[in-house]
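Asker: The structure under discussion is supplied below as structure tokens; questions concerning it will follow.
Each value in this text was obtained by applying a stated rule to the coordinates, not by laboratory testing. All figures in this text were calculated on a predicted structure; none of them were measured in a lab. Here the Cβ positions follow ideal geometry from the backbone for every residue, glycine too, while neighbour counts run over all protein chains shown.
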Amino acid sequence: MKLNFFRKLDTVVISLFLYKYTSIHFLNSHNLISLLIYALVSLRLSQEILVLSCLQQWKYILPASERPNVVEHEKSTGAADNANLELPIVDFAELQGPNRSQVLNSLASACENYGFFQLVNHGIPYEIISNMVDVSKRFFEMPYSEREKYMSADINSPVRYGTSYNQRTDGVFCWRDFLKLVCQPLPDVLPHCPSSPNDFRTLAVSYAKEVKFLFLMLVDAILESLGLMNKKNTTREDEDDDDDDDDKDEEKEILKEFEDGSQLMILNCYPPCPQPDLTLGMPPHSDYGFLTLLLQDEVKGLQIQHQENWVTVEPIPGSFVVNVGDHLEIFSNGRYKSVLHRVLVNSMNYRISVASLHSLPFESTVQPCPKLISETNPRRYMDTNFASFLEYMKSRDSTKKNFLESRKLTS
Ligand code: OGA
Ligand code: NI
């Protein structure tokens, strides 16, 4: 550890600020002994302020091999922007029009090759979106005493405020605070939803409802892109076909299941970090669930793994970043990919994102769709459900796609 890391006055000032205004101050017992030694050495040097700074920051420093290599990357490519990725764009309005089949093809290729796309023209009023980002910001700006009320050791709690990724198991902490809100069934969960800021509930609920509707429309498109639905523009003759009627019933059933399905909203706050190259806002992970709809503000940070490189997703204001989750990879029997992603932090700006994770009801079993399995394309994943995922989360490192890997059948 380089000593000059702790010598920067701005580092100290920022960390004191963070100490006061964020919940990023949990001690990691793993590093406690090294921390104390460091603290004692610093005390001997009568640099008390350094002690605070070191206590604060030590637990966020990743081993060299896991650091984001931001600086090296910028140096080697000449400019940070070279690492930015223009994700495939899906125009939701076009999807409802005469070009639906072309848009479905690009949707399918995005899910196969990137696991991600940006959704524009989605029809959710701009006000609902900007209010959601704004009220999230105001939530994290509240005094710690207000935010702390929503902390819970129970990972099943419908409302849970916390820090890092999995604060009970993380060896090194992430530079992130979060608020998780279970949104299904809304009437049961609503009373637990934060009542401050005082417009939080109203804004979060109207946002959650809009995103859920959008998700259902996307599922419809995804099923069609997998060849599981009748084309929207069918002729009369097609509609008379008995097989098609059976298909329609099945589709309706799948869609109905998703209507009653799970929805988890995660509000993420990434404060400015004095040494962004030593830590991460979120470690590499894939998302549990069928689809995630992510709203990010204008500050960059999200990176996805694409062709073995980490590439930054360029924010498009007002759009959604949509990604395939583990359940869709399983459901599609591996055709659509649940891709690793992570979050970088920066030294200048707060970054806010709101992730909405959707899937089948918590008690449902997720399995490869029988229609997508054949002799030439045998089943690649075993059945799974939410309970087995929670068990996995409790027992192991939930990052790096391990859960999904554990569901793979080896032939
Ligand atoms: C997540 C996630 C990315 C971001 O919440 O699962 O990947 O940019 N968020 O905050
Ligand atoms: Ni994620």
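Asker: Please give me the summed charge of the neighbours of residue 120: other residues whose Cβ is under 12 Å from its Cβ, Lys and Arg +1, Asp and Glu -1. Walk me through the numbers on the way to the answer.
Answerer: Details: positive: none; negative: 91, 94.
Around residue 120, the charge tally is -2.
Asker: For a quick protection proxy, order the peptides 306-318, 208-220 by their average other-Cβ count within 10 Å, most packed first. Let's see the in-between values first.
Answerer: Values: 306-318: 15.0, 208-220: 18.9.
Per-residue Cβ counts within 10 Å, averaged per peptide and sorted highest first, yield 208-220, 306-318.
Asker: Here's another thing I want to ask about it. Hey, what do the phi angles of region 325-342 turn into as Karplus ³J(HN,Hα) couplings, whole Hz, using 6.51/-1.76/1.60 and θ = phi - 60°, x for Gly and Pro?
Answerer: Karplus values, whole Hz, x for Gly and Pro: x, 4, 5, 6, 4, 5, 4, 7, 6, x, 6, 9, 9, 8, 9, 5, 9, 8.
Asker: Most exposed first by the Cβ proxy, i.e. fewest other Cβ within 10 Å, how do 107, 360 rank?
Answerer: Values: 107 23, 360 20.
With the sparsest Cβ surroundings first, the list reads 360, 107.
Asker: Taking amide H positions as placed 1.01 Å from N in the peptide plane, with prolines and chain starts having none, which residues 5 or more places from residue 366, or on another chain, fall under 5 Å of its amide H?
Answerer: 384, 385
Asker: Using the Cα centre as the reference, give the magnitude of the dipole from point charges on the C-beta atoms of region 84-407 (Lys, Arg: +1; Asp, Glu: -1; all else neutral), rounded to the nearest 20 debye. Don't jump to the answer; show the numbers that get you there.
Answerer: On the way: 31 positive and 49 negative charges, 350 e Å.
Roughly 1680 debye for region 84-407.
Asker: May I ask you to compute the full-extension gain from residue 255 to residue 113, defined as 0.36 nm times their residue separation minus their alpha-carbon distance, rounded to one decimal in nm? Each step should come with its number before you reach the end.
Answerer: Working: separation 142, 0.36 × 142 = 51.12 nm, distance 2.50 nm.
Full extension from residue 255 to residue 113 adds 48.6 nm.
Asker: Now for a separate question. Determine, for 392, 270, the number of other Cβ atoms within 10 Å of each Cβ, and report the residues in order from fewest to most. Walk me through the numbers before you get to the answer.
Answerer: Details: 392 17, 270 26.
Fewest-to-most Cβ neighbours within 10 Å comes out as 392, 270.
Asker: What number comes out for the charge environment of residue 293, summing +1 per Lys or Arg and -1 per Asp or Glu over other residues with Cβ under 14 Å away?
Answerer: 0
Asker: With all distinct Cα pairs included, what does the Kirkwood hydrodynamic radius of region 84-407 come out to in Å, to one decimal, could you say?
Answerer: Numbers: mean 1/r = 0.0489 Å⁻¹.
Radius from the Kirkwood sum: 20.5 Å.
Asker: For a quick check: with amide H placed at 1.01 Å from N, whose amide H comes under 5 Å from residue 381's, ignoring anything fewer than 5 positions away on the same chain?
Answerer: Amide H neighbours of residue 381: 409.
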